[in-house]
Structures are given as structure tokens and as C-alpha cells.
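So the structure is just underneath, and the comments pick up after that.
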Amino acid sequence: MAKLTRLQTFAIVLIALLGAGLAALSFFNQLAVLMMLSVLLAAFWCAIVVFGKPDLHLAFFVAFMVLVSIALLDGVPFGWMALLLCIDIAAWNLAEFSRRARAYQNIPNRKRLENLHLKQLGIPLGIGFALAVLPSLIRVELPFAVLVILVITAVVLVGVGIRGLREKKEKWE
Amino acid sequence: MKRNLFIYFLLVFVFLLLGVATLMGEFVALAMIFLVLGIASILNQPQPPQLGFERSFSPMRIRQSVPLQITLTVTNQGEQRITDLSVQDYLPRGIRVLKGQTTLLTTLDAGESAVIEYTIQAQRGQYQRFVSTYTSQQALDGYEVSGQFKDESPLLVYPKTENLSPVKIRPPQTHGFAGSIASRRGGSGVDFFTIREYQSGDPQRHINWKASARRHQALFTNIFEQEQVANIGIILDARQRINLRKGRHSIFEHSVNAAAALGERFIKDGHRVSLLIYGSGKRRVFPGYGRQQERRILDAVTAVSPVVNFALTNFDNLPVQFFPAKSQIVLISPILQDDIPYIRRMCMRGYGVLAVSPNPVKLVAEDDTESTAYRMAAAERAFMIQQLRQIGAQVIDWDVTNTVESTLQRAAFHLQSQQHLRRLV
């Protein structure tokens, strides 16, 4: 067995975290089947990442996504599920990258390449996670009157905008 | 666009649908993650990289099975960093990598270079199409940009040749310059040729005292045989129909090696050598001397391969007039029965013909020498060789499991003993 690369190790850690996290949350929510499935899938996926074949990373990613959705439907807290989905995406990406990198023996600046990859993956994933979780945390309470005023203002503004554009179009014609 | 970008947007759609179906905002929120990934992929789309490729190998001409180190330098000539660049160097067929890697995965800053180094070993041939492909892709794997770089710098892999000892040939005519072939003419040389009456100016040490003592009042001088260079034309038979193969052994490869070895030897001996490759076309190397001529001959035999050419299936179109009159022709060919009239014609025109004939019967039969088929084929070939000898050609029947050198030595010894016997009779 070839020595594990840094990103391969990261992928394995993420998969283990994903499996353990989903299993724990399932356990606390008394979802026994989900718990067993998540542990089994994580173990298989880890083995595939270690041995490098077969190329089933997409299938495992989809399987975990389905499990996360089921857990969400069964009332597991959303924040954890969003986090696990992000871990699932990251694990899939790193596993795919490790598989690709395995074909190349000649990687002169491996560390820099891996760091750049992690950076390019981490930033959008972080933003995505924040955008998904923030709306569930922010709670704004508005009086009904203010809401009506806001809606009327929006309707008026849209109306003015449409009229202005129509006049512009007629002048142009 | 790659598969992953499609997956991101498909999942956005799936989660939105799931959110609407279950009336759960959480699914809509999860769709945001994939939406961000999709948008990030589009915004971070890799630009076509401006790459410079430089391949270097030295020397440009090597011998078969001699290792050669190849260095491919890839430089980012653009102003932006290439985050994930993979390069694959494809080698032409016939080249084997001994050491090193032909692939590269790297990240390149502006102006930065990366190097692929590997050692190859190649079969005989002319290689001039090295293709390197590159792919630049992003971490989110939504897009990739690919391209290729073709390198036309030629690499010539000469056939593996033996170091032959001087080959004993008797061309019908020799040139004026001093060389290594006995010219059947008296003059300065090493071997005794004849005696003649002493003439003033003859060196005293050349006086044959024994002969002079037998005659009254007469002196005789030893005359030696002049050694001169000759015109030698090598014909390499590259007709597809005579190129038999047995596993990895090919009659043609043996013929090529023999042509190269003989060419080198004749050039070293100072002869004026020309080459004609007959079969796929009529490639010629005009008569010449020296290192340049040796290189020309090796270049020619390096690039040749047997090809079917229906106009050249027999020696009917053999341009013998290409060789200077009365020169020695060395024909390297397994020879077919149909070829005998054409060889006879060469002999009749005054060329000296030496046929070095790789034996296809032995090559194909290997250990099956007891079968009737083998004995019939061997008898047919022996008869053909006898016919050739009768028309005045020298024939060396070459069992390709032996070296050219040992075969030539044995043939020379056989010829000498035959001449000795003839003298005795």
C-alpha cells in the first residue's frame, strides 16, 4: 500500500468525521438504521480512499447527501446537517483530487499545490455554509404596518422603474 | 465545462424542489451551498494557460539500446498563476521509459518553470513527433482547459551495429588511392605480387637475390601488390514480402544491422561507399567517403522500414546504374528465386556481387530442423545459393542467430581454403 498523502489523510479524516457525526446525531435522534448506514458507508469510503480504487467517490458523496436529507426530514438540527453536507462535499473533492494526484509521481511542489487546492475549496464552501446557516440564525421581527409600507414602496418603485424604461424605449423607437 | 458544475446546479434544483415539496426552508438553505459552489466555479474559470515547452535531449543521434535522458521544461509565460496544471508527455511508439516520469502535476506562478526528466531507451528509428498535453483545472473541478504541444525535433536511433574486422572483398576495379584492397596491380604494398627485371631507381632492398642468382648477369626486383580503395555499393533489400518475422526477430532488422555495420566498416577502410535501399522506395545515398558519409548511411538505414510497394516487388526496377561501373555491390537480402536473373544481370554488367543473405528458413524453423518442410525449404535455398555462386556472385548464407562478424570470418576462411584447394589441384 502506498504512503498516504496529506490530502488523502484529510479526506479520510473528513469521511470519518462525517460518518461519526452522522452516526452520533442519528443515535441521539433514535435513528438506528441511519446510524449503521453512515458508519458502514464511511468505512467503505475510507477504504476506497486508501486503496485508490474503484472510483466510487461520487456515489458515496450522493449516498451521504441522501442520508443527510433523511436525517433532516427526521428532525435532526439543520446547522449540524449543513455542516455535515459541507464536510461531505469537501471529502468528495479531496478524495477525487487524491485519486487524480495518485497518477502523478512527479509533483515538485506538492505542499503548495495542496494548500492552494484547500484554499480554493475552503473559501466557497465556507461562504456557502455561512449563507445556508445565517438565514436560520437571523430573526427579524417587523410590525405589520411597516411591512405593508415596505411592500407598497417596493411596488411603487418597480412601477416607476417600468414606466421609465417604457418611455426610454418609445423615445428610442 | 465539466461534470461537477452540472452536478452543483442539478443539486441546487433538487434541493429547491425538495424544499417546495416538503415545505421545509432548510432544504432551500442547503441549495445555497451548491449555488455558491456553482457560481464560484464560473467566476474562477481557468484562463487558457500561456505555456512554453522546451524539450532537450543530447545527443540527437544515439545507438539502439543506449539510454538517453530527455528534459521537458514547462514555463508559465502568462501573468497569472496556474493553480493546478497537469502535463503528460506522450512518447512515440518504440520508445520505452527506463527511469523517471513522463507526467507532471504542479502549480506554476507567473514566469515559473517545472521540469519533467526521464531516461528512455528506443528501438531503431526516426522519432520526431513528441506530443505533450496539458490540462489546467480548478479546485472545484467545474472547468478545465486543455491543450497540446507538438515537438518536431528529430531523434535518430541508429541500429545496433557490430564492430567488424576488415572485410575481404575482391572488387573488379579499384580506385587510384591507397586503401586496403589488393588491386591485382604491381606497386608499393605489402603482399608479394611478382618479379620483374631490375630497373635503375628500384630500391636495393627489393632485389630478389635468389631469382637473380639463377640467371647470369641479371637482377630481379620484387613487385608488391598495390592496395587501393574501391567503389562499394550496398543494397539493402526492404521489400515487405521478404521480411519474415518470428516473434521479436525480424529478418529485416538483422539486414539493417548488417548494412549499418558493413557501411561503417567500409567507410573506416577508406572506401567510397554508396547505399541504395530498395523496396519501400528507392532511397539512395550517393557515393562518398568519410565520417559525413558514414552519418548519411546510418541516417538512411535508421529511418527505413519494410513497406509494400507493388512496383518494387522484384529487382526489375533496381537502378544498378546508380553505382559506378565495376564497383563491388554488397547485396543484403534473403534473396528469392525470382531475384537470380537480376543478380546475374549485375554480374554480367561487370559488377562484383557479394550477397550477404540472412537465412529466413533457419529463422522460421528454429528447432524444427527435422521436419520434411524444413528440409525441403533448406534444400531449395541451398540450390538457389549454388545457382548464385555459379553465375559468379559471392554468397554468404547468414544464420541470423550468429553475428555478422563470425559469419564473415567463417566465409572468408571457407573461401581461402577453397582457393588453396584449387591451387593444389
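The values are calculated or read from the model by the stated rules, or taken from the named source; none is laboratory data. Bear in mind the structure is a predicted one, so any value in this text is a computation, not a measurement. No Cβ is skipped: glycine too gets one built from the backbone with ideal geometry, and neighbour counts run over all protein chains shown.
Could you run through region A:120-150 and say how many residues are at the interface with chain B (Cβ under 8 Å from one of its Cβ atoms) and more than 16 Å from B:F34 (Cβ to Cβ)?
The total comes to 2.
crowded, with 20+ Cβ neighbours inside 10 Å and either among the aliphatic types (A, V, I, L, M) or assigned to a loop (DSSP other than H, G, I, E, B) (or both) - does that describe any residue in region A:111-121?
Checked region A:111-121: at least one residue is crowded, with 20+ Cβ neighbours inside 10 Å and either among the aliphatic types (A, V, I, L, M) or assigned to a loop (DSSP other than H, G, I, E, B) (or both).
Residues checked against (1) of a type outside the set (K, R); (2) buried (at least 17 other Cβ atoms within 10 Å of the Cβ); (3) closer than 20 Å to A:V62 by Cα:
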| site | (1), (2), (3) |
| --- | --- |
| B:R3 | no, no, yes |
| B:F13 | yes, no, yes |
| B:L18 | yes, yes, yes |
| B:G25 | yes, no, no |
| B:I33 | yes, yes, yes |
| B:V36 | yes, yes, yes |
| B:I42 | yes, no, no |
| B:L51 | yes, yes, no |
| B:S56 | yes, no, no |
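Could you check region B:317-338 and list, in sequence order, the residues that are surrounded by fewer than 12 Cβ atoms within 10 Å (Cβ to Cβ) and of a type in the set (D, E, K, R)?
Of everything in region B:317-338, just one residue is surrounded by fewer than 12 Cβ atoms within 10 Å (Cβ to Cβ) and of a type in the set (D, E, K, R), namely B:D338.
Looking at the structure I just gave you, is A:W92 modelled with pLDDT of 90 or more and either crowded, with 21+ Cβ neighbours inside 10 Å or facing another protein chain (nearest Cβ under 10 Å) (or both)?
yes
Can you tell me which residues in region B:15-27 are within 9 Å of chain A (Cβ to nearest Cβ) and either of a type in the set (D, E, K, R) or part of a helix (DSSP H, G or I) (or both)?
Hits for region B:15-27 are B:F15, B:L18, B:T22, B:G25, B:E26, B:F27.
If you check A:Q105 against the conditions, is it without any contact (Cβ under 8 Å) to a residue 24 or more places away in the chain, of a type in the set (S, T, N, Q), closer than 25 Å to A:R6 by Cα and part of a loop (DSSP other than H, G, I, E, B)?
yes
Which of the residues belonging to region B:253-262 are closer than 22 Å to B:M346 by Cβ and surrounded by fewer than 23 Cβ atoms within 10 Å (Cβ to Cβ)?
none
Which strands (runs of 3 or more DSSP E) does region B:32-133 wholly contain that include 2 or more residues that are within 24 Å of B:R3 (Cβ to Cβ)?
In region B:32-133, the matching strands (runs of 3 or more DSSP E) lie at B:82-90, B:103-108.
Would you confirm whether or not region A:39-57 contains a residue that is out of contact with any Cys (no Cβ under 8 Å at 6 or more places or on another chain), more than 14 Å from chain B (Cβ to nearest Cβ) and under 25 Å from B:M24 (Cβ atoms)?
Yes, region A:39-57 contains a residue that is out of contact with any Cys (no Cβ under 8 Å at 6 or more places or on another chain), more than 14 Å from chain B (Cβ to nearest Cβ) and under 25 Å from B:M24 (Cβ atoms).
If you check A:G161, A:G75, which single one turns out to be under 23 Å from A:A20 (Cα atoms), surrounded by fewer than 15 Cβ atoms within 10 Å (Cβ to Cβ) and more than 15 Å from the chain's Cα centre (by Cα)?
A:G75
How about region B:386-406: which of its residues are in contact (Cβ under 8 Å) with a residue 40 or more places away in the chain and not in a loop (DSSP other than H, G, I, E, B)?
If the condition is that a residue be in contact (Cβ under 8 Å) with a residue 40 or more places away in the chain and not in a loop (DSSP other than H, G, I, E, B), then B:Q387, B:L388, B:Q394, B:V395, B:I396, B:D397, B:W398, B:V404, B:E405 are the ones that fit.
Can you pull out the residues in region B:138-157 that are under 15 Å from B:I82 (Cα atoms) and in a strand (DSSP E or B)?
Across region B:138-157, the qualifying residues are B:E144, B:V145, B:S146, B:G147.
Among the residues of region B:58-80, how many are closer than 30 Å to A:Q120 by Cα, within 14 Å of another protein chain (Cβ to nearest Cβ) and surrounded by 14 or more Cβ atoms within 10 Å (Cβ to Cβ)?
Within region B:58-80, residues that are closer than 30 Å to A:Q120 by Cα, within 14 Å of another protein chain (Cβ to nearest Cβ) and surrounded by 14 or more Cβ atoms within 10 Å (Cβ to Cβ) number 5.
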